[in-house]
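Heads up: the structure comes next, in structure tokens.
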Amino acid sequence: MQELSMHIWDIAENSLRSGASCIRVTIGLNRAADKLSIQVEDNGIGMDEGTIAQAVDPFYTNRKIRKVGLGLPLLKQSAEQSGGGFWLFSDGIGKGSRVLAEFVYSHINRAPLGDIGAAIGRLICLNENVSIEYTFSVDADSFMVTTGELRVVLEGLALNTPEIAEAVSKLLRDNMHKIYSDIY
């Protein structure tokens, strides 16, 4: 995965596979500290300490389809190569999980953000029954959207139609661009 947006998508997919009904994605850029952070939190099945330790091993996966799980190990590697760090948290089985990756923003090895608007837009529109909260912040400015707010604004229209999906992605891109013009 060459873009951070794809890592976010992969982690969110892990959340969905773990039975999450609520996913919170937070991206924050602190220019003074030269730090970019990405956090994905869910209310899925959670993990015990042993599973947390194994989750960053590329040869461990709980999926039956393939025998490797590269998403979290590659994100960890990407964060560390940029001078940042990676943490995986869970308060135990049944208590959800949280992934936090931090990057030195100006580091030459930091992967590009990619099309965050499209990734989050797809996540929202392809998972009609999941509550999703997305926050993007740059220094003191921030933008947040929730599926609950979108449902109110759309007055009952389905989130998963192509027109709504494109409109949601555009809404995300436009609002992120307002607070950080370098994003796209």
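The values are calculated or read from the model by the stated rules, or taken from the named source; none is laboratory data. If you're wondering where the values come from, they're calculated on a predicted model, not measured in any experiment. Note: ideal-geometry Cβ built from the backbone for every residue, glycine included; neighbour counts use all protein chains shown.
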Residue list for the stretch 66-107, restricted to those being at pLDDT below 95, aliphatic (A, V, I, L, M) and more than 13 Å from Val40 (Cα to Cα): Val68, Leu70, Leu74, Ile93
Unmet criterion (only one of (1) modelled with pLDDT under 95; (2) of a type in the set (A, V, I, L, M); (3) more than 30 Å from Thr161 (Cβ to Cβ)) for Ile116: (3)
Residues located in the stretch 83-141, provided they are aliphatic (A, V, I, L, M), in a loop (DSSP other than H, G, I, E, B) and surrounded by 14 or more Cβ atoms within 10 Å (Cβ to Cβ): Ala111, Leu113, Val130
Test: residue in the stretch 152-166 that is charged (D, E, K, R), within 18 Å of Ser5 (Cβ to Cβ) and under 17 Å from the mean Cα position of the chain (by Cα): no
Residue count for the stretch 127-162, restricted to those that are out of contact with any strand residue (DSSP E or B) (no Cβ under 8 Å at 6 or more places or on another chain) and farther than 23 Å from Glu13 by Cα: 8
Filter pass, Val152 being assigned to a helix (DSSP H, G or I), under 23 Å from Cys22 (Cβ atoms) and in contact (Cβ under 8 Å) with a residue 40 or more places away in the chain: no
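Quick test for you: out of Ala20, Ala12, Ala53, pick the one residue that is farther than 25 Å from Val145 by Cα and of a type in the set (Gly, Ala, Ser). Quick ask: steps written out before the conclusion?
Working: Ala20 fails: farther than 25 Å from Val145 by Cα; Ala12 fails: farther than 25 Å from Val145 by Cα.
After ruling out the rest, the residue left standing is Ala53.
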Qualifying positions in the stretch 5-35 - of a type outside the set (S, T, N, Q) and in a strand (DSSP E or B): Cys22, Ile23, Arg24, Val25, Ile27, Gly28, Leu29, Lys35
Subset of the stretch 18-42 (residues that are without any contact (Cβ under 8 Å) to a residue 60 or more places away in the chain and buried (at least 19 other Cβ atoms within 10 Å of the Cβ)): Val40, Glu41, Asp42
